[in-house]
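The structure appears right after this line, and notes come after that.
Values in this text are rule-based calculations from the coordinates and carry no lab data. All figures in this text were calculated on a predicted structure; none of them were measured in a lab. In this analysis, Cβ positions are derived from the backbone assuming ideal geometry, glycine residues included, and neighbour counts consider all displayed protein chains.
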Amino acid sequence: MSSTRPSTTAALVASTLLLLRDDPAFRGIVDEAARDRIEASVRTTIPAFGAALDRLPWLLVRQLAFAVERIISPGFIGHYALRKHAIRGHLRAATDSGFRQVVLLGAGFDMLASSLPDAALTFEVDLPATQAAKRAACAAPPRTHFVTADLARESLLDALRGTGAFDRHAPTVFVAEGLLMYLAADRVAALLDDVSRASSGGTRVILSVLTPDARGRFRIHSQRRVVDLCMRWLEEPFVWGIERGEIASLLSNHGFRLESITCTTELRDALLPRRARRRIPRRTGELVVVGSGGRAERF
C-alpha cells in the first residue's frame with residue numbers, strides 16, 4: 001500500500017455508504033450524520049466521483065453504481081454498511097461501559113470519530129497521505145488526535161507515544177476495520193502485540209477479519225477476479241486472513257479473550273426486510289471480532 005497517495009480503496013469503500021442514503025431498507029443502519037463529511041473526503045481523493053455527483057442525476061449515479069457492484073462483487077455495498085453498523089454498535093457499547101479512549105487504526109475516510117461521545121479521547125491512525133486528504137476535506141471532531149503511521153512497517157506504540165496525549169492507564173478500545181487483511185502475517189502479530197501492551201487500564205479490540213474462500217483465497221467471497229487485479233494494480237491487495245476456528249487462539253496468543261464474532265449475514269437476516277436480504281450473499285467471508293484483555297507494559 002502506497003504511503004505517498006491517499007488510499008483509493010478506502011475512498012471507494014467509504015463512498016458506498018452514500019449510495020444507501022435513500023434506501024428505506026437501510027434506514028437506521030447507515031449513519032446519516034456522517035454523510036456530508038464522507039462525501040467531502042471522497043471528493044478529494046477521487047475527483048471523478050465528485051464530477052459524477054455534480055453532473056449526473058443522483059438516481060442514475062446510484063443505478064450505475066449498483067450495476068457495477070452486481071458485476072464485480074455482488075452484495076458488497078450492503079455488506080459494508082452492515083459491517084460498519086456492527087462496529088459502531090460494539091464501539092458504542094464500549095464507550096457506554098467506561099472506555100473513554102478510542103484508537104481507530106487505519107481510520108480511512110469513514111467518520112466513526114464523529115459518532116463518539118464528547119468525553120471520548122480519539123486517536124485516528126493512518127497513512128500520511130490518506131489522513132491529509134481527510135483533514136483537508138473536513139474539520140476534525142472534538143478531542144481527536146491524528147497520528148500518522150504506516151502500520152505495515154512502523155510501531156503503533158511508538159506512534160501513540162509520540163503524540164504526548166495517549167494515556168496508557170486509561171481503558172482503551174482499539175478498532176481495526178478493513179485493515180488487517182492488507183498486512184502481512186508478521187505485521188498483524190506485531191500490531192496485536194502493540195495493542196495488547198498499550199494500556200494498563202484495560203483494552204478491548206474490535207476487528208474485521210477475512211476468512212478464506214473455498215480456494216483458500218483471502219477476499220470477500222463474492223468478489224470477482226477483476227477486483228483482485230485492480231487491488232494489485234493499486235498496490236492494495238488482501239494478503240492476510242484467518243479461519244473462523246482459529247480466531248480465539250490468535251487473540252489468546254496476544255493476551256485477549258474472545259468475546260464475540262459477528263457475520264454480516266446474521267445482521268442481514270435480523271435487520272433487513274426479506275426482499276432486501278437477497279442483495280447480500282449468504283457468506284461474505286468477513287467477520288467482526290470483539291476481544292478483551294491485554295498485557296500492558298511500560299512503553
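Assorted remarks:
- Our estimate of slack between Ala40 and Glu243, defined as 0.36 nm per intervening residue step minus the Cα-Cα distance, is 69.4 nm.
- Relative exposure of Thr144, Thr264, judged by other C-beta atoms within 10 Å (fewest first): Thr144, Thr264
- Remark: spin-label model distance Val226-Arg257 equals 4.8 nm, labels positioned 7 Å along the Cα→Cβ axis.
- For segment 268-278, 3J(HN,Hα) per residue [Karplus equation, 6.51 cos²θ - 1.76 cosθ + 1.60, θ = phi - 60°, Hz, x = Gly/Pro]: 3, 5, 7, 10, 9, x, 3, 5, 6, 5, 5
- Distance from the Cα centroid of segment 47-113 to that of segment 229-259 is 20 Å (rounded to whole angstrom).
- Taking other Cβ atoms within 10 Å as a rough exposure proxy, Cys230, Cys263 sort from fewest to most as Cys230, Cys263.
- Amide H within-cut-off set for Val239, under 5 Å, with H built and near neighbours excluded: Tyr182, Leu183
- Radius 13 Å from Cβ of Val13, net charge of other residues (Lys, Arg +1; Asp, Glu -1): -3
- Per residue, the average separation of C-alpha pairs within less than 8 Å and at least 6 apart gives segment 8-293 a relative contact order of 20 percent.
- Where both bridge residues fall in the chain, DSSP classifies roughly 45% of the beta bridges as antiparallel.
- Of Asp150, Asp269, Asp31, the one that fluctuates the most in a GNM where the chain has Cα springs shorter than 10 Å: Asp269
- Axis angle, to the nearest 10 degrees, between helix 76-96 and the longest C-alpha principal axis of the chain: 30 degrees.
- Ellipticity estimate at 222 nm from DSSP helix runs (n ≥ 4, -39,500 (n - 2.57)) divided over the chain, nearest 500: -12500 deg cm²/dmol
- Using θ = phi - 60° and Karplus 6.51 cos²θ - 1.76 cosθ + 1.60, couplings along segment 199-209 (whole Hz; Gly, Pro as x): 10, 8, x, x, 9, 10, 10, 10, 10, 10, 10
- The 3J(HN,Hα) values that the Karplus relation (6.51, -1.76, 1.60; θ = phi - 60°) gives for segment 112-118 are, in residue order, 4, 4, 6, 9, 7, x, 4 Hz. Gly and Pro appear as x.
- Taking amide H atoms as placed 1.01 Å from N in the peptide plane, the amide H of Thr284 lies under 5 Å from those of Thr265, each 5 or more residues away in sequence or on another chain.
- Positive dipole terminus of segment 8-293, leading residue within Ala52, Ala33, Ser252 (C-beta point charges): Ala52
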